1. How much length is gained on full extension from ALA289 to THR320, taking 0.36 nm per residue of separation minus their Cα-Cα distance?
2. Would you work out the relative contact order for the chain, in percent, from Cα pairs under 8 angstrom that are 6 or more residues apart?
3. If you restrict to DSSP beta bridges whose two residues both lie in the chain, what percentage is antiparallel, to the nearest 5?
4. Assuming a strict under-28 Å limit between Cα atoms, what lysine pair count do you get for the range 58-290 once near-sequence pairs (fewer than 8 apart, same chain) are dropped?
5. Which percent, to the nearest 5, of DSSP beta bridges fully inside the range 58-290 are antiparallel?
6. Pull up the cross-link candidates among the lysines for LYS41, meaning alpha carbon to alpha carbon under 22 Å and not fewer than 8 places away within one chain.
7. Taking the dipole about the Cα centre of the range 171-249, with the C-beta of Lys and Arg at +1 and of Asp and Glu at -1, give me whichever of GLY212, PHE173, VAL193 is farthest to the positive side.
8. Note down the magnitude of the dipole of the range 58-290 about its Cα centre, charges +1 on Lys and Arg C-beta and -1 on Asp and Glu C-beta and zero elsewhere, to the nearest 20 debye.
Amino acid sequence: MAFDLTARLTSGLTQQKEQLLYRSRKVIDSPQGVELQCDGKPLLSFCSNDYLGLANHPALVKALKKGAERYGVGSGASHLITGHSYAHHALEEALAEFTQRPRALLFSSGYMANLGTISALSGKQDVIHEDRLNHASLMDAAKLSGATMRRYPHNDTEALNKRLEKSNHHHSFIITDAVFSMDGDIAPLPQLVKTASRHNAILMVDDAHGIGVIGKHGRGCIEHFGLNNDNVPILVGTLGKAFGTSGAFVAGSDELIETLIQRARTYIYTTALPPAIAHATLTSLKLIATEAWRREHLQTLIKRFRSGAQQLGLNLMPSTTPIQPLLIGDSCEAMYISEALQQQGILISAIRPPTVPDGTARLRIAFSANHSEQHIEQLLSVLDSVIKHDDK
Ligand SMILES: *Cc1c(COP(=O)(O)O)cnc(C)c1O
């Protein structure tokens, strides 16, 4: 019989619909921000990763325009051919300085940084230990590398220690998100550093949600815990979240960066980011360094939200970051609440399996420095009405 692709796809899509896991996209016709225009309707958004409110900052828009005037639009080639412009180079130097590491290397996205880095550094002879709740790109990267992948219970350094004790493996990597993207909690990095050092394992940290946001100077979870390049030799940061632009970087030793330039396939075989984006990201770095009020304001919003949500008896998850999920459990219910919120002008996405473990569907609330305390009051009052109605 002929291979009927359409029939296969239709059945897969139907199944996805039946399991209430069908995903659809919203078309946003305004710049990214807390007040979005969606299908011609204004919505107050609590869904973006634009934590510092830089994605549509006038200084970034201006820098992008300037960058385009100076460098054009496309980079035209990969970094190793003719795509590596002065703007990329300057940003790499600035990121190395910002993270207080010898070098940094730009990638086109965090997904590519993780795939390229892990597969360049590890192989069949290695064991990779990953937190069960790590970002999908870190899981996919381990598969691609050909190493043995083991997932340890979330933030459970004791369990990880035991596994490392039992295994007589000489080449182990420990890989973790620094801030967990769907939970908002912070990995116990000092304990992971100890575990890594005790078992002679290499620790890699993906700080996609911490860089720019956490730490007095916004240098992320590494700064928050007072760690450095010796105890966390591989650090990944992304630019599409707090930085408000696009792309990602790996920061570490000269040997690490040179190895990635030679061997990371997602670095070598892809077109470099538009240089104007790199140019604009230099302005993000300046704002991150000079406008600490953005981080301080976020902390005020988080405190206000948590105390208000507690008073309402909402099922908050333990988080001190701008990611403040409300645990719902059932996917259908999470979808229902998300839709009810939207009818009242509040945009919060319901996060369902397989993005999160079964039975832990949630509303992922994320704050931005562009939210006001007024916005938080509005959010709390709508949550109160929607979630209460739902109980009855
Ligand atoms: C978003 C995210 C990525 C992917 O970064 P992109 O630049 O969006 O591809 C990687 N790791 C973590 C932990 C993330 O949250």
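1. Extending this stretch completely gives an extra 9.1 nm.
2. 22 percent
3. Antiparallel bridges: around 60 percent, rounded to the nearest 5.
4. Within the range 58-290, the lysine pair count is 21.
5. Values: 11 of 28 bridges.
Here the share of antiparallel DSSP bridges comes out near 40 percent.
6. Result set, ordered by chain and number: LYS26.
7. It is VAL193, whose Cα lies furthest towards the positive end.
8. Numbers: 22 positive and 21 negative charges, 55 e Å.
Taking the Cα centre of the range 58-290 as origin, the dipole is about 260 debye.
The values are calculated or read from the model by the stated rules, or taken from the named source; none is laboratory data. The structure displayed is predicted, hence computed values, not measured ones. Because the Cβ atoms are built from the backbone with ideal geometry, glycine has one as well, and the counts that use them run over all protein chains shown. Heads up: the accessible areas ignore ligands, DNA and RNA and are worked out on the full protein's heavy atoms, side chains in. Shrake-Rupley method; radii C 1.70, N 1.55, O 1.52, S 1.80 Å.
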